[in-house]
Structure formats: C-alpha cells, structure tokens
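One structure is given below, encoded as structure tokens.
The values are calculated or read from the model by the stated rules, or taken from the named source; none is laboratory data. In this text the structure is predicted, and so the values were computed from the model without any measurement. Every residue, glycine among them, receives a Cβ derived from its backbone with ideal geometry; neighbour counts consider all protein chains shown. In case anyone asks, the SASA skips ligands and DNA or RNA and just uses the protein heavy atoms, side chains included. Shrake-Rupley method; radii C 1.70, N 1.55, O 1.52, S 1.80 Å.
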Amino acid sequence: MTDGTQSEGLPADVPARAGRDAVVVGGGLAGITAALALADAGVRVTLIEGRPRLGGLAFSFQRGELTVDNGQHVYLRCCTAYRWFLDRIEGTALAPLQDRLDVPVLDVDKPEGRRLGRLRRDALPVPLHLGRSLATYPHLSLAERARVGRAALALKGLDLADPSLDAQDFGSWLTAHGQSARAIEALWDLVGVATLNAVAGDASLGLAAMVFKTGLLSEPGAADIGWAHVPLGELHDRLARKALDSAGVRTEIRTRVTSISTDENGRWIVQVPGETLEADTVVLAVAQREAHDLLPQGALDAPEKLLDITTAPILNVHVVYDRKVLDKPFFAALGTPVQWVFDRTDASGLREGQYLALSQSAAQDEIDAPVAALRERYLPELERLLPGTRGAEVKDFFVTRERTATFAPTPGVGRLRPGARTRAPGLYLAGAWTATGWPATMESAVRSGVSAADAALAALGRPRPRHLFEVEEAA
C-alpha cells in the first residue's frame with residue numbers, strides 16, 4: 001500500500017542541510033520508531049527505505065480483491081512499546097486487545113476424537129490467574145499439570161540478568177524440571193514456538209524465560225492477545241507515513257543506501273544512487289547482514305558477530321473457502337502439523353466465504369516445499385480440525401514465505417546481539433535483532449528504535465520528547 005504523496009527517489013536539487021540532521025536507514029518498525037522519536041525532538045530526519053512500502057517484515061499486499069498480510073502478527077498486553085507505537089500512529093483502535101486471555105486449543109490426536117481445551121486467565125493475581133485454566137487443561141494428565149505448575153514457579157525464580165541463562169537451551173531445562181515431551185508440546189512449545197520461532201530444544205533459556213516470565217508470570221493481563229483487525233499495511237505503512245509526514249520526516253521509498261562514511265569534519269555521508277546526504281546522526285535500522293555490509297570499518301569491535309546471528313523462517317498458508325468453516329477468531333492446534341489458525345476474512349475485504357491464515361513458525365523443513373505439496377499436506381489437516389471444511393470448496397490456496405523472518409533465538413545468541421551504540425560517534429543500530437532483551441518481535445523492533453533515538457539525542461544534546469516510550473535497560 002503506497003501513498004501517492006510520497007516521493008520515490010531523492011531529488012537532485014536538494015542541498016545538504018546543516019545543523020541537527022539525521023538519516024534513518026530502513027523503514028521497518030525500528031526505523032519508523034527511530035525517525036518519529038528523533039523528529040519529535042526537533043531533529044530533521046530523512047528516512048530511507050529500499051522497498052516500495054514501509055513496515056519491514058509486517059506488511060500487506062494485494063492478491064486479486066484480497067488484501068493479504070504476509071504473515072499473522074500478534075502482540076500481547078505486555079508489549080508496551082508496540083502499544084505506544086500504535087498510539088503514536090493513531091492505530092490503537094484498529095488492533096485491539098482481548099478483554100482477557102483466551103486461547104482455544106484443539107487436539108485432533110486423541111483416541112476419543114477431537115478435543116477442545118482453553119488457555120485463559122481469571123481475574124486473580126499471579127500465579128492464581130492461570131490456576132483454573134491449568135487445572136482443567138484437558139491436553140495434559142493431572143500429574144503433568146502439577147509438574148507444569150512447579151516448573152512455572154522455578155521459571156519465575158530465574159534471574160533474567162544472569163548471563164549463563166543465554167548459554168543453556170530451554171528444552172534441557174524443561175526436561176530437568178520434570179516436563180514430559182507431551183507437556184512441552186501441548187503447553188511450552190504451544191506458546192514458545194509462536195513467540196520465539198523455535199522449539200524449546202533450539203531456544204535460549206534466557207529468551208524463553210523472558211517470554212514466559214513477562215507474558216505469563218508478571219501481571220494477570222500481560223498475555224492478553226492483540227492483533228490487527230485491518231491489513232497490516234494500514235498500520236505500518238499508511239498510518240505510519242501519515243505520522244512521519246506530520247512530524248516533518250522526509251520519507252524516501254524505493255531508495256537503496258550504497259555506502260555510509262564520514263567526511264573530514266566528522267559528518268556522516270550517506271550515499272544513495274545519484275545523491276549524497278549529509279547528517280550528524282545515522283541510524284542503521286536494517287537486518288543484521290545488511291547492517292554488517294554498511295557499517296564503516298571500526299564501528300564495531302567484532303562486526304563478524306552480526307553474521308553469526310542466524311535466521312529462522314516462518315511459513316504462512318492461506319486458504320479461502322466458499323463458506324464459513326470457523327466460528328472463532330483464531331485457535332491453536334495439537335496432534336497435527338497445523339500450529340495456529342486465524343480468521344482473516346473481514347480484514348482482507350473478502351465478501352463471500354471465509355479466509356483462513358495458518359501461521360507456521362520454525363518452518364525449516366517446509367519453507368521451500370512446493371505449493372502443491374503444502375496443499376496436499378494442509379488441506380486434509382484442516383478437515384481433521386474443522387468438520388465444516390469437509391464439504392466446502394477451496395476457492396484459493398497460496399503460501400507466503402519469510403525465509404529470514406526472525407533471528408534464530410539459539411543458545412548463545414545474546415552475546416552476539418549489539419546494543420544501539422557503536423564505536424563510531426553518531427552511528428547507531430536498531431532492529432529486533434539488537435540487544436533489546438526480547439526475541440524477534442514487533443515489540444523488540446520498536447524498543448530498538450527508541451533506544452537508538454535515545455542514544456542519538458543524548459549525543460546531540462537534544463531533549464527527549466516527553467511522550468516517548470521509556471525503555472528500561474535490557475537484562
């Protein structure tokens with residue numbers, strides 16, 4: 001989704017500006033956040049994005065009459081930075097939160113047939129808020145539920161500031177704390193795969209502990225789920241551009257930065273095809289590999305570490321039926337390759353039938369599978385899960401693939417993630433992969449943009465905007 005008022009290249013007759021100027025490279029959530037924060041502090045900002053839209057890896061596109069999100073993105077009530085971002089772009093009402101956590105969990109691999117359970121909270125203090133839900137969760141035995149409770153208390157006692165947690169894997173910790181393979185599948189991975197984009201055995205204990213302590217064991221409502229009821233492009237492109245325009249940010253799309261360097265006076269020179277920009281501050285808000293390629297020599301002590309931050313894919317399967325087959329906004333599944341299913345009918349603009357989106361995280365084994373093979377695999381699984389699909393006609397079936405959707409939250413990744421500041425004065429890093437303390441989420445991206453802007457404003461001697469989100473130091 002593009003706005004015709006935006007330019008798509010740098011005019012050759014624009015002179016370099018003197019004073020407090022910043023260039024933000026990258027128009028994802030991290031770059032948008034950094035640009036807004038700097039502009040709100042009175043800095044003159046140019047935002048450069050190579051794609052024909054803003055939003056990074058959380059975007060929409062057209063497929064016939066459908067407006068399709070590249071993948072299903074959700075956030076939690078504890079995602080306070082992303083909630084601030086939504087408020088800043090005037091999009092909060094378009095991505096509401098549940099009144100109370102409620103996740104339907106359907107298991108189709110039970111001897112007695114399909115069985116529906118729910119993960120939901122009560123209006124009680126932590127940890128009692130989940131007590132009744134856990135006690136009645138039908139997908140675990142009574143003994144497994146008791147051991148889950150004990151493991152949760154042990155997890156709550158972990159110190160997120162302990163660097164040794166980053167070196168351990170979550171799966172081994174769960175096994176050592178009495179969690180069966182079934183408990184890991186039906187509870188810990190149900191949440192963890194969706195938030196970390198990795199199964200427990202492949203995930204850093206530090207990041208997993210952060211997710212569960214913050215989301216489920218901090219405040220009663222911390223895990224309440226929110227999602228966009230409109231296409232993501234409405235939020236992360238149209239409303240974001242409107243906010244950037246109002247803040248005075250000059251936004252350039254379809255423009256690639258080819259080099260970043262300093263002149264003899266220490267000012268930054270940002271080169272794009274046919275134009276040179278000068279700035280006091282540069283924020284690199286791009287993926288880690290691109291950041292590595294653009295960083296000037298000496299900006300980081302060990303820039304090769306950026307290349308050691310590996311990536312993990314997410315596969316999204318999209319199915320349009322000729323009739324309504326699901327009466328819930330979403331559900332999670334067990335006993336099947338299907339992970340999470342969302343109803344995207346209204347958001348997509350579909351007038352007849354129902355459009356379901358399957359979000360498949362940690363999809364290393366399927367990310368390159370042919371569409372025909374995925375169709376053969378997933379349509380029968382949906383028939384197992386949803387009886388209403390058995391007589392329905394599939395009007396459309398397609399997939400979207402994000403091969404580098406997130407950084408891989410592997411044990412040891414914490415020591416690879418750099419902070420916002422570099423060794424080069426005036427050059428800062430942003431992106432969900434930087435050292436925010438969070439896994440690769442929209443929350444992490446926004447936090448990184450705020451941190452980069454904070455560091456830049458401090459160096460420029462500019463006052464921090466009063467309304468800017470306050471980022472605590474990452475553990």
On Cα atoms only, tilt of 205-216 relative to the major axis of the chain in degrees: 70 degrees
Neighbour-limited loop hits for trypsin sites (Lys or Arg not before Pro), the stretch 124-184 (at most 12 other Cβ within 10 Å; DSSP other than H, G, I, E, B): none
Point-to-point label distance, THR404-THR92, nm (Cα→Cβ direction, 7 Å offset): 3.5 nm
Using θ = phi - 60° and Karplus 6.51 cos²θ - 1.76 cosθ + 1.60, couplings along the stretch 220-225 (whole Hz; Gly, Pro as x): x, x, 4, 9, 4, 9
Solvent-accessible ranking of ARG44, ARG88, ARG421, ARG351, largest area first, probe 1.4 Å: ARG351, ARG421, ARG44, ARG88
Paramagnetic reach from PHE397 in the stretch 282-324 [backbone N under 16 Å; point 7 Å along Cα→Cβ]: 316-323
Zone of GLU352's modelled label, taken as backbone nitrogen in the stretch 67-105 under 18 Å from a point 7 Å along Cα→Cβ: 67
Interchain or long-range residues, amide H under 5 Å from GLN98's placed H: ILE225, GLY226
Stretchable slack from ARG182 to ASP122, in nm (0.36 nm times residue separation minus alpha-carbon distance): 19.1 nm
Extended-chain gain in nm, criterion 0.36 nm per residue less alpha-carbon gap, LYS156 and ASP293: 45.4 nm
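Leaving ligands and nucleic acids out of the surface, order TRP268, TRP227 by accessible area at 1.4 Å, largest first.
Correct descending sequence by accessible area is TRP227, TRP268.
Carbon and sulfur together cover what percent of the accessible area of the chain at a 1.4 Å probe radius?
50 percent
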Close Lys-Lys pairs in the chain, where close means Cα under 26 Å and separation is 8 or more or interchain: 5
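Pulled fully out, how much extra length does the chain show between ASP245 and ALA459, if you take 0.36 nm times their separation in residues and subtract their Cα-Cα distance?
Between ASP245 and ALA459, full extension yields 74.6 nm more.
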Between helix 442-460 and the chain: long-axis angle, C-alpha atoms, 0 to 90°, nearest 10: 20 degrees
Accessible area per residue, Å², the stretch 347-468 with all protein chains present, probe 1.4 Å: 42 Å²
Computed log₁₀ I(q)/I(0) - Debye formula, equal Cα scatterers, no solvent, the chain, q 0.09, 0.10 Å⁻¹: -0.61, -0.76
Cα-projected label distance for HIS467 with ARG323, points at 7 Å along beta-carbon direction, nm: 4.9 nm
ARG115 versus ARG256: modelled label distance in nm, points set 7 Å from Cα along the beta carbon direction: 5.4 nm
Pairwise centroid distance, computed over Cα atoms, of the stretch 405-462 with the stretch 262-304, Å: 15 Å
Length-normalised contact order of the chain in % [C-alpha pairs under 8 Å, at least 6 apart]: 24 percent
Degrees separating the helix 142-156 axis from the principal Cα axis of the chain, which is the longest one: 20 degrees
Percentage relative contact order, the stretch 369-475, counting C-alpha pairs under 8 Å, at least six apart: 17 percent
Mean projected area in nm² (Cα convex hull; one quarter of hull surface) for the stretch 134-237: 8.1 nm²
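Considering only DSSP beta bridges whose two residues both sit in the chain, what percent are antiparallel, to the nearest 5?
Here the antiparallel bridges make up roughly 70 percent for the chain.
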